[in-house]
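The values are calculated or read from the model by the stated rules, or taken from the named source; none is laboratory data. Because the structure is predicted, anything quoted here is derived from the model rather than measured. Note that we place each Cβ from the backbone using ideal geometry, even for glycine, and neighbour counts take in every protein chain shown. Keep in mind that these areas ignore ligands, DNA and RNA; they rest on the heavy atoms of the full protein, side chains included. Shrake-Rupley method; radii C 1.70, N 1.55, O 1.52, S 1.80 Å.
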Amino acid sequence: MSASPSPLSVPVPPSAPAPTAAELLDFVRRTAEDTALVASLPLDPEGRTWIRLDGPGGSEAWLIGWPPGTGTGWHDHADSIGAFLTAAGTLREHSLAARLPTDGWKTLELAEDIDRTRELTAGRGRAFGRHHVHEVLNESVSEHAVSVHAYYPPLPQIRRYSRAGAVLRLEQTERPEDWQ
């Protein structure tokens, strides 16, 4: 009778290091420069469209089309870091310049001077850390926008919020099976 190797004696291949936010930003920048890929995205006049991409180091990535007047609403990406970049058109990002508690709250009153706004024209983007609360909008009345997004680890959840003035309210938590 031969002995089976214990799990500790089986060699484990080294895993690739997790991508950093800077590496995700570099990936979305290079991907947005692929004009054939960007042009391949079907654009719908009424709703956002998307194509899932292979991101670096096991990250989740998306090419997203934004019809005029569309947006995400306030949300975060939970424990994922991320980056996004506008490939065509212009997007506006509203974000909060503060780290919010991650769990155990439904309503928060936000401090003054917490709001940040960025206009992201083609070729401009940004990286962000965990629990980054923002909304992204295509405010154009006539032009689509296209963007590339990457997240690591792949999105475990998205928390959606409503906002009325200084009050931010957690409305729902979505899991991957809700959007795939």
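Can you give the local net charge around PHE27? Use residues other than it whose beta-carbon is closer than 12 angstrom to its beta-carbon, Lys and Arg +1, Asp and Glu -1. Spell out each step's value before the answer.
Numbers: positive: ARG29, ARG30; negative: GLU23, ASP26, GLU33, ASP34, ASP54, GLU60.
For residues surrounding PHE27, the net value is -4.
With a sphere of radius 15 Å drawn around the Cβ of ARG118, what net charge do the other residues whose Cβ falls strictly inside it have (Lys, Arg +1; Asp, Glu -1)?
On the way: positive: ARG92, ARG116, ARG124, ARG126; negative: GLU93, ASP115, GLU119, GLU135, GLU139.
Residues close to ARG118 contribute a combined charge of -1.
Taking volume of the Cα convex hull per residue in Å³ as the quantity of interest, determine which of [x] 139; [y] 125; [z] 171 was computed from the displayed structure.
Given [x] 139; [y] 125; [z] 171, the structure-derived one carries the label [z].
Given 4 °C and 1.567 mPa s, how large is the Stokes-Einstein diffusion coefficient of segment 32-103 in µm²/s, with Rh as the Kirkwood radius over Cα pairs? Mind dumping the intermediate values first?
Numbers: Rh = 14.3 Å.
Taking Rh from Cα pairs, D becomes 90 µm²/s.
Modelling each spin label as a point 7 Å along the Cα-to-Cβ direction, I'd like the ASP178/THR35 distance in nm, to one decimal.
3.9 nm
Gaussian network model of the chain, Cα springs within a sub-10 Å range: biggest mean-square fluctuation belongs to which of ALA61, ALA88, ALA98?
Of the options given, ALA98 has the highest mean-square fluctuation.
Given springs between every Cα pair under 10 Å in a Gaussian network model of the chain, which of ALA164, ALA83, ALA150 has the largest fluctuation?
Per the Cα network of the chain with a 10 Å cutoff, ALA164 tops the list.
Quick check: the angle from helix 21-32's long axis to the longest principal axis of the chain, C-alpha only, nearest 10 degrees?
70 degrees
If the only charges are +1 at each Lys and Arg Cβ and -1 at each Asp and Glu Cβ, what is the size of the charge dipole of the chain around the Cα centre, to the nearest 20 debye?
240 debye
For the chain, what does -39500 (n - 2.57) per DSSP helix run (n ≥ 4), summed and divided by total residues, give at 222 nm, in deg cm²/dmol to the nearest 500?
Working: 3 runs with 22 residues, N = 180.
After summing the helix terms and dividing by residue count, I get -3000 deg cm²/dmol.
Relative contact order of segment 1-153, please, whole-number percent, based on alpha carbon pairs below 8 angstrom and at least 6 residues apart. Mind showing how you got there, number by number?
Numbers: 328 pairs, mean separation 53.0, N = 153.
The value is 35 percent.
Give, as a single signed number, the net charge of other residues whose beta carbon lies under 15 Å from the beta carbon of ASN138, with Lys and Arg counted +1 and Asp and Glu -1. All intermediate terms of the calculation are to be shown ahead of the outcome.
Numbers: positive: ARG48, ARG92, ARG118, ARG124; negative: ASP44, GLU46, GLU93, GLU119, GLU135, GLU139, GLU143.
Around ASN138, the surrounding residues sum to -3.
What do you reckon, how do THR107, THR49 stack up by accessible area (1.4 Å probe), largest on top?
Values: THR107 65, THR49 25 Å².
The most accessible residue leads, giving THR107, THR49.
Please identify, among GLY73, GLY165, GLY65, the residue showing maximal mean-square fluctuation in a Gaussian network model of the chain using a 10 angstrom Cα cutoff.
GLY165
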